[in-house]
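The values are calculated or read from the model by the stated rules, or taken from the named source; none is laboratory data. Every value quoted in this text rests on a predicted model; they were computed, and no experiment measured them. Heads up, the Cβs are rebuilt from the backbone with ideal geometry, glycines too, and the neighbour counts pull from every protein chain shown. Note: accessible area is taken over every heavy atom of the protein model, side chains too, but ligands, DNA and RNA are not part of it. Shrake-Rupley method; radii C 1.70, N 1.55, O 1.52, S 1.80 Å.
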Amino acid sequence: MYMVESKAGAIVCMLFSLFFLAFTLGEFGDARPNFIYQLTELKDNWPSVLFAMAGGVVLSIGNLATQYAWAFVGLSVTEVICSSITVVIGSTFNYFLDDKINKAEILFPGIACFLVAVGLGSAVHSSNAADNRAKLNNLPSDSKPGTRATFIPTSSETLPENGIKDPEVGNDTVVKAKAGTAGFLVEIENRRSIKVFGKSILIGLAITFFAGVCFSLFSPAFNLATNDQWHALKKGVPHLIVYTAFFYFSVSGFVIALILNIRFLFSPIMDTHRSSFKAYLNDWNGRGWALLAGLLCGFGNGLQFMGGQTAGYAAADAVQALPLVSTFWGILLFGEYRKSSRRTYILLVSMLSMFIVAVAVLMASAGHRK
């Protein structure tokens, strides 16, 4: 029996698993046209294929922008703002594309709640940035950001029972700062490649809003690919089934991600370090988590599209409830907003509460495609 032992082999297996999933589901049952047939009819259905591929492109660009936004704005606020913009623009677009099958009297109040969540998210980021500046201003001058991990917290609240041995300095002990302290902020800044201290908060918000706009376009593009509301196909040409559209969507997303990552590998932005193919292939620190995130994103998108084809893509945007999960990761596991001001906590709770209401209202607006 052949065993896959290399990491490259594992990646190839995962990519093939996604392809064969589309193949299996696309061929399942007696419905026509099927997946294989539509792949061979590119000369007739290419307008719909282009819409599907455009959706994959904007999603891939949005994902990349989000990774930069996380460094500036944080996981919780980035996801809430991006998801809210996605609903405000994308769900409105999908409502009209889907021939208004969703209940407008419920849908648009929900969209208004998402718009309020965007404003609250911006306020949370601004308030938290002010809190962080106040913490950093209390640091000694030789421990300020930019000194390459020279800060070693000494207060009793940051000392663990046993220190961590630093391999670069022999028997000296380096202590890990508690989440929410100034030392914790410096440790994060020194570890990550994207440096954010000293930069305007508007940079992070601008990247976040750009990512949100990209995300808001991929679902309407997929909607157009499967339902041809703009009558781009010739008369008699079958619409793309969800699985065929998802195949082209995924291929285009993969290609544009490959191009952009190679481009930024040799010509990085945001003052990050230039790298090489050799360094990239040899660095597997965190690569497993990245692969898992990609697989989860792919399966999640596929399920969203299947639901949208039945209940309307506007209501299917309720999957934008994902910030409720990311907030758990950000606040409880990554230490975001620890030791922040009361004002920041009030804004954070208000933002999440408004977001929960908005998601519930959006789901209640679901209709059924005729």
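Can residue 62 be described as modelled with pLDDT of 85 or more, in a helix (DSSP H, G or I) and of a type outside the set (Ser, Thr, Tyr)?
Yes: the conditions hold for residue 62.
Please verify whether residue 233 is out of contact with any strand residue (DSSP E or B) (no Cβ under 6 Å at 6 or more places or on another chain), open to solvent by 10 Å² or more (accessible area, probe 1.4 Å) and not in a loop (DSSP other than H, G, I, E, B), treating the condition exactly as stated. So residue 233 fails the test. Here residue 259 fulfils each of the conditions (1) without any contact (Cβ under 8 Å) to a residue 60 or more places away in the chain; (2) surrounded by 14 or more Cβ atoms within 10 Å (Cβ to Cβ) apart from (2). The condition (being in contact with a helix residue (DSSP H, G or I) (Cβ under 6 Å, 6 or more places away or on another chain) and over 25 Å from residue 44 (Cβ atoms)) is satisfied by just one residue among 257, 232: 257.
For segment 305-324, the condition holds for at least one residue, the condition being that it is modelled with pLDDT of 85 or more and either among the charged types (D, E, K, R) or under 20 Å from the mean Cα position of the chain (by Cα) (or both). Each residue in segment 185-227 was checked for being charged (D, E, K, R) and modelled with pLDDT of 95 or more, and 0 pass. Among the residues making up segment 270-282, those that are free of Cβ contacts under 8 Å to residues at least 12 places away in the same chain and either open to solvent by 80 Å² or more (accessible area, probe 1.4 Å) or of a type in the set (A, V, I, L, M, F, W, C) (or both) are 274, 278, 279, 281, 282. Checking each residue in segment 66-112 for being of a type in the set (A, V, I, L, M) and within 17 Å of residue 215 (Cβ to Cβ) picks out 69, 73, 75, 77, 80, 81, 85, 87, 88, 89, 97, 111. Does residue 289 satisfy the condition of being exposed (fewer than 14 other Cβ atoms within 10 Å of the Cβ) and within 19 Å of the chain's Cα centre (by Cα)? Yes: the conditions hold for residue 289.
Would you check if residue 327 is in contact (Cβ under 8 Å) with a residue 60 or more places away in the chain and open to solvent by less than 20 Å² (accessible area, probe 1.4 Å)? So residue 327 passes the test. Quick one: would you say residue 241 is touching a residue at least 24 places away in the same chain (Cβ under 8 Å), open to solvent by less than 50 Å² (accessible area, probe 1.4 Å) and over 26 Å from residue 122 (Cα atoms)? Answer is yes for this residue. Restricting attention to segment 342-365, the residues that are more than 21 Å from residue 325 (Cβ to Cβ) and open to solvent by 40 Å² or more (accessible area, probe 1.4 Å) add up to 3.
Within segment 325-357, the set of residues being modelled with pLDDT of 85 or more and aliphatic (A, V, I, L, M) comprises 346, 347, 348, 349, 351, 352, 354, 356, 357. The lone criterion from (1) modelled with pLDDT under 90; (2) crowded, with 18+ Cβ neighbours inside 10 Å left unmet by residue 105 is number (2). Exactly one of (1) buried (at least 22 other Cβ atoms within 10 Å of the Cβ); (2) within 22 Å of residue 365 (Cβ to Cβ) is unmet by residue 128. Its number? Tallying (1) buried (at least 22 other Cβ atoms within 10 Å of the Cβ); (2) within 22 Å of residue 365 (Cβ to Cβ), residue 128 fails exactly one: (2).
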